[in-house]
Amino acid sequence: MGKPFFVALMLAVAAPEMSFADSPRGLWKTEPDDKGQIGIVSVAPCGKALCGTITKAYDKQSKPVSTPNVGKRILFDMVETKPGFYEGRVLIPKFNRTLEGKMLVQGAKMKLSGCVKAVCGKQTWTRTN
């Protein structure tokens, strides 16, 4: 058992962590909304795709707030179309509208974008614990 075996073993152990690093699975902190509130979104498998649900919300002072958006699914049917890039649907709670959306995962950042006709929006979420 020489050095090549040791290197192969270390790569095998590290591989699952490396692939998780750019995975959207987990908890994400949104950008503040018009009221300055942020949401925590849990991204997890739903069938063969990924979905995201708001699990908590906080005000500008980082105090928990009660909002009807907690418990609401806002990412639907997100499917990886190329490494780190996902396409599906996104709910905009403020307008109660679902639109075609995209996600690009880059380490601890996830860039989301979507459009309804000529109106487009985007946000960058941060991975959280």
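The values are calculated or read from the model by the stated rules, or taken from the named source; none is laboratory data. Source: prediction; values computed, not measured. Positions of Cβ are generated from backbone atoms using ideal geometry, with glycine treated the same way; all protein chains shown enter the neighbour counts. In case anyone asks, the SASA skips ligands and DNA or RNA and just uses the protein heavy atoms, side chains included. Shrake-Rupley method; radii C 1.70, N 1.55, O 1.52, S 1.80 Å.
Summary table below
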read-out: Unique match (being surrounded by fewer than 10 Cβ atoms within 10 Å (Cβ to Cβ), over 11 Å from the mean Cα position of the chain (by Cα) and modelled with pLDDT of 95 or more) among 63, 3, 72, 48; value: 63
read-out: Flag for residue 82 being more than 12 Å from the chain's Cα centre (by Cα), open to solvent by 60 Å² or more (accessible area, probe 1.4 Å) and on the phi > 0 side of the Ramachandran plot; value: no
read-out: Residue within segment 29-36 that is open to solvent by less than 30 Å² (accessible area, probe 1.4 Å), assigned to a strand (DSSP E or B), at pLDDT 95 or above and in contact with a strand residue (DSSP E or B) (Cβ under 6 Å, 6 or more places away or on another chain) present; value: no
read-out: Pairs with Cβ under 7 Å, 6+ apart, first in segment 116-129 and within 14 Å of residue 92 (Cα to Cα) and modelled with pLDDT of 85 or more, second aliphatic (A, V, I, L, M) and assigned to a strand (DSSP E or B); value: 122/112; 123/112
read-out: Scan of segment 102-114 for residues that are out of contact with any Leu (no Cβ under 6 Å at 6 or more places or on another chain) and either buried (at least 20 other Cβ atoms within 10 Å of the Cβ) or touching a residue at least 40 places away in the same chain (Cβ under 8 Å) (or both), ordered by number; value: 105, 106, 107, 110, 112
read-out: Failed condition for residue 95, given (1) touching an Asp or Glu at 6+ places or on another chain (Cβ under 6 Å); (2) of a type in the set (Phe, Trp, Tyr); (3) open to solvent by 80 Å² or more (accessible area, probe 1.4 Å); value: (1)
